[in-house]
Amino acid sequence: MNRFKLKDIAFSYSPDVSIFEGLDLTFDSQTTAIVGQNGAGKTTLVKIMKGLLKPSKGTLSIDGESIADQTAAQLAKRVGLVFQNPNDQIFKTNVLEEVMFGPLNIGFSRFEAEKGAREALKKVGLESKVSDNPYDLSLSERKLIALASILAMDTEMVIFDEPTTGQDFAGKEKIKAIINELKAEGKLILCILHDMDFAADVFERTVVLNQGEVILDGQTRDVFPEKNVLEKAYLEQPYVTQIAQALGYNDSFIHESELVAFLNNKK
Amino acid sequence: MNTMTLYVERNSPIHRLDPLVKLLYVAASILLTYILPEPLYIGGILFVTFLLLIIGKVFRNSLPIVTLSMFLIFSLVIVQGFFHPDNVTELFAIGPLVFYEEGLYVALVLVMRVLVMVGAFSLLILTTATDEMVERLIKKGMSPKIGHVILSVLQLIPQMRATMVKITDAQRSRGVETEGDLLTRVKAFFPLIGPVVLNSLNETKERSIALEMRGFDSPMKKTFLNEAKQYPHNKLIAGLITGIVILGIVWRVFG
Amino acid sequence: MSVIEVENLKYRYPDTTTLVLDDLSFSVEKGECLGIVGENTAGKSTLCYALAGLVPHFYKGAYGGKVTVNGLVVREHEIATIVENIGLVFENPFSQMTGAKQTVYGEVAFGLENMGLPRKNMHTRIEKYLKLLDVYSVKDKNPFDLSGGQMQRVAIASVLAMEPEVLILDEPTSQLDPQGSKDVFKVIEQLTGKGMTIILVEHKMEQIAQYADRVLLLHEGKQIDLDTPEKIFSRLDLKEFGVRPPVVTSIAQALTIRYPDTQLYPVTIQEFKRLEEMK
Amino acid sequence: MNKNSMWSLKLSTAAIVLIPAAIGINYIGKLFASLLRLPLWLDSIGTVLASMLAGPVIGAAAGIINNIIFGITADPISTVYAITSAAIGITVGVMAYKGWIASVQKAVVVGLVTGFVAALVSTPLNMIFWGGQTGNIWGDAFYTFLISNDIPQWLASFGDSIVVDVPDKVVTVLISYFIFKGLPNSLTNIYRQDSEIEVI
């Protein structure tokens, strides 16, 4: 089982503003959503995990093995990070080449890379667009290309930064399916989100970050009813939870189906 | 925010001058070094320029800018001193290489010219806010669109620098090595510059739309939020500078 | 009176073969808030461009039909004329900052300078819209130093300061964090309250349900339906067009909680609660 | 595009907004090249791309403004070479318009011509301002070599510039060519001045 452990992490961009002071977090096989406002430290956290930023203090390990000294490029074989803005990475003239770029960098043969890329593109539903120019596609489709380009690297851990931004209903459904599939394959999944409904719907565990501190961490079901704590981090509850509370039920509802079943039973 | 310009906000008479007058000074001082190409005169212009930098309270800020030209200055002295075609009078020799007086004289003129140029330019850019200069030029007939371009570059580049960090992160995450032998580094150039170009072109599209929606292409005569600043003694100073240049020409022709 | 009239609008981007807008006809009344929904390929943004004159003046391509905004035929007037009647704000707040201004105050002035508004009228207008959008306190800051939510509100203020009849908001919050979106929606609520004509494109159907008087459902460039939010979101085939109804509506559907007279489902929590209690 | 429109001064908003983007690309190209410790400047990729996309007028404007901006933000000396940058923009713009960016081989020719033109324009500037030198270590070394072999000063100066400009411009044009070829129509057609609205 994959276990990613951060212990006593301290980090700051400039001497007077520190982002983290002694942060401890452990990620296990549960799919985890990290929520919080901009500036809460979410992106900084995943950059540290990915080796793009080096903490001034503390240790990082995967399965007990320290990774503190590894560069981002070395970690590329183990940890995949899907960035928020696909435009920061796309440079190839067709979708397939773009998705093959990562796998080729980490030592896949052309054959393996193409196989992996085609599979990844199938998962995001872009298999019919392999030879299109990425910039002829929409931003939401480019986001899916960026996602596929990390999936194709077949890393044991995948981190997503805001994958649902700008996605329509169908896009979100695809991402949900991908996350569940990766989880079934035994991969460690972490996801930064602004979309509370998606977090409640898809993830087993939710971590709420506020100003560099974990203010809530637990099963998603236990996190979202905590209205007061969420408000402290300027977050709203998922719609389902809001509806249940508006109707006067304070039990924990995070899925539409649960609330429907509950209301049906009451009748 | 870091707006990139070298402008230093100070309260000095030079800061209060019309940017166009300072621009005129840059042109005039460089021109004079050609009208009167003797070390004595160029030295005089250089002295005046340094004096103005001191009055403008930016002399110290001009030093790093001058330092940038150090290699050029050094190279001028060496190359001209040793190899200028007119060289005859030996000053000293290092092994087989002989350093000549004529070359040194040529180099001296060139170096002082470089210093006048850099000094006068520094005077302009260190004491003038770019937007003030651009607005002034627009009012004198420069296309407002060109003005917009100049100002927006200054804001855009810091943004692009931030993008550059993100791109480097994204590509390193996909296994791109940015350190190593020349071939590795050459190979990294495309994955890094590619997204910069695509990103900026894509943004061009969005920003054009935003500008269009703000009447950028409007045929109306543009108005200005800021009132035109009053510059005291503007005409007098401009006239004085022009007068000195004319005097210099007269001196050269008849003197 | 209709502020916007669209008649048989057809459009295709240059160098492409499929119609992005395929025979649209509708009108928008003064003071109305029209929501536009559909999946990402539906043509929502292109329709916004067509209303604002960017199609066909900025994006050329093939164009048919007629769009009239505030009495002006869009095809026959320059964008600079059209923008005094209709303003557009889109998703990326960053690229909507002109880049030429070093303060928020100046940023809002940019459009007014281009319009040639006399200076003496500028200050009152700028201050009015900075206050309306709740960004007066940052008026001296550099626009690029603001948070996404503030930047987006400055973008809205800049467009509104030109005092157009209609405001188009094309996914104004999709790139913002929760607090930023909340602030923007607070403004939208105020504007609809003031009787501003608004066209809103949005993925969160809960927001559409909250603010839109009518909803235009698009699919692959075609106009599928144009009706009240209750009517649109009660459609059982909605998911075929890539649109999911608000969570309350789908719960109401599962529990068959609906308006007794029209048999439609509620689209807001308040209505849901009222109908549930009635039951 | 017809002949008039290549030199048309009526510029679209998109073409104008391309100028700051081009200057930004120049700047970032230079920064990446020094970050990766590449032996070239690669500081005119944006100018070259702007010329390919929107023609010689925009290319020249991007070149001139690039050097003015660099002059006010870093090194005043670079303002002198605004004229060289304009020449680069015009050369690439005209050659692109005449169909010289159709293949890699042709792009190499464009690079050689551009480097040659850049050197040709820089030489009188270098002669006027710094007695023929460029302040570049390799260029000035070559200048010294030529001068000490009794080559006339202006020719030595030209040689100095050739050493400095040609390799850099060939690589710059090639990089720009590969990027340009990969650009989708949806990004390139907004800069064209010629398109008409088709009525359906």
request  = With both partners inside region C:2-229, how many of the DSSP beta bridges are antiparallel, as a percent to the nearest 5?
outcome  = 55
query = Against the longest alpha carbon principal axis of chain D, how many degrees, from 0 to 90 and to the nearest 10, is the axis of helix D:45-54 turned?
reply = 40
query = Helices from chain B with mean Kyte-Doolittle at least -1.0 and a Cα length along the axis of 18 Å or more, per DSSP H: which?
reply = B:19-35, B:39-55, B:70-83, B:101-127, B:144-173, B:182-212, B:234-254
query = To the nearest 20 debye, what charge dipole does region C:2-229 have about its Cα centre, counting +1 at the Cβ of each Lys and Arg and -1 at the Cβ of each Asp and Glu?
reply = 660
query = Tilt of helix C:269-278 relative to the longest C-alpha principal axis of chain C, in degrees (0 to 90, nearest 10)?
reply = 30
query = Antiparallel as a % of all DSSP beta bridges within the protein assembly as shown, to the nearest 5?
reply = 55
ask   = Mind checking the angle between helix C:104-115 and chain C's longest principal axis? C-alpha axes, 0 to 90 degrees, to the nearest 10.
value = 80
query = At a Förster distance of 22 Å, what's the computed FRET efficiency of A:Lys77 paired with D:Leu174, Cβ-Cβ distance as r, to 0.05?
reply = 0.10
inquiry  = Can you compute the modelled spin-label distance between C:Tyr136 and C:Glu5, with each label point 7 Å from Cα toward Cβ, in nm?
reply    = 4.0
inquiry  = Students often check this: by mean Cβ neighbours within 10 Å, which of B:182-188, D:119-125 ranks highest, and how do the rest follow?
reply    = D:119-125, B:182-188
request  = Using amide H atoms built 1.01 Å from N in the peptide plane, name the residues 5+ places from C:Gly87, or on other chains, whose amide H lies under 5 Å from its own.
outcome  = C:Val166, C:Leu167, C:Ile168
note = Taking placed amide H atoms and a strict 5 Å upper bound, the residues 5 or more places from D:Ile197 or on another chain that come that close are none
request  = Per DSSP H run of at least 4 residues, take -39500 (n - 2.57); add these up for chain B, divide by its residues and hand me the 222 nm value, nearest 500 deg cm²/dmol.
outcome  = -24000 deg cm²/dmol
message = For a quick check of your reading of the filter: which GluC sites (Glu not before Pro) in region B:103-177 sit in a DSSP loop and have no more than 12 other Cβ atoms within 10 Å?
response = none
query = Going 7 Å from the Cα of A:Gln211 toward and past its Cβ, which residues in region A:22-49 have a backbone nitrogen under 19 Å from where you end up?
reply = A:22-24, A:35-45
query = When chain D is modelled as a GNM with alpha-carbon springs shorter than 10 Å, which of D:Asn126, D:Asn67, D:Asn136 fluctuates the most?
reply = D:Asn136
ask   = What ranking of D:Trp7, D:Trp130, D:Trp41 emerges when the number of other C-beta atoms within 10 Å of each C-beta is taken as an exposure proxy, fewest first?
value = D:Trp7, D:Trp41, D:Trp130
Chain A - mean residue ellipticity at 222 nm from DSSP helices (-39,500 (n - 2.57) per run, n ≥ 4, rounded to 500) = -11000 deg cm²/dmol
key: Point-to-point label distance, B:Glu179-B:Thr67, nm (Cα→Cβ direction, 7 Å offset)   = 2.6
inquiry  = Less than 12 Å apart at the alpha-carbon level, and either on another chain or at least 8 residues along: which aspartates and glutamates does that give for A:Lys77?
reply    = A:Asp154, A:Glu156
message = Which of the three applies to the protein assembly as shown, rounded, prolate or oblate, going by the alpha-carbon gyration tensor with a ≥ b ≥ c and a/c under 1.5 meaning rounded?
response = prolate
remark   = So for chain A, using the alpha carbon gyration tensor with a ≥ b ≥ c as root eigenvalues (a/c under 1.5 gives rounded; past that, a/b versus b/c decides prolate or oblate), I'd call it oblate
note = Taking C:Leu130, A:Leu104, B:Leu236 and counting other beta carbon atoms within 10 angstrom, the fewest-first order is B:Leu236, A:Leu104, C:Leu130
key: Computed lengthening from B:Asn11 to B:Val186, 0.36 nm per intervening residue step minus Cα-Cα distance   = 58.2 nm
key: Inter-label distance for B:Phe74 and D:Val104, nm, one decimal - labels placed 7 Å from Cα along Cα-to-Cβ   = 3.9
key: For chain C, calculated [θ]222 nm from helices alone, where every DSSP H run of n ≥ 4 adds -39500 (n - 2.57)   = -10500 deg cm²/dmol
ask   = By count of other Cβ within 10 Å, fewest leading, how are A:Asp197, A:Asp222 ordered?
value = A:Asp222, A:Asp197
remark   = If R0 = 30 Å, then A:Arg3 and A:Arg110, at their Cβ-Cβ distance, give a FRET efficiency to the nearest 0.05 of 0.35
query = Tell me, what is the FRET efficiency for A:Lys176 and D:Ile137 to the nearest 0.05, using R0 = 51 angstrom and their Cβ-Cβ distance as r?
reply = 0.30
inquiry  = Under the rule a/c < 1.5 gives rounded, and otherwise a/b versus b/c splits prolate from oblate, where does chain B land using the Cα gyration tensor?
reply    = oblate
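Any read-out appearing in this document is the output of simple, stated calculations on the displayed coordinates, not a laboratory observation. On a predicted model such as this, the values are computed, not experimentally measured, just so you know. Ideal geometry is used to build each Cβ from the backbone, glycine not excepted, and the neighbour counts take in all protein chains shown.
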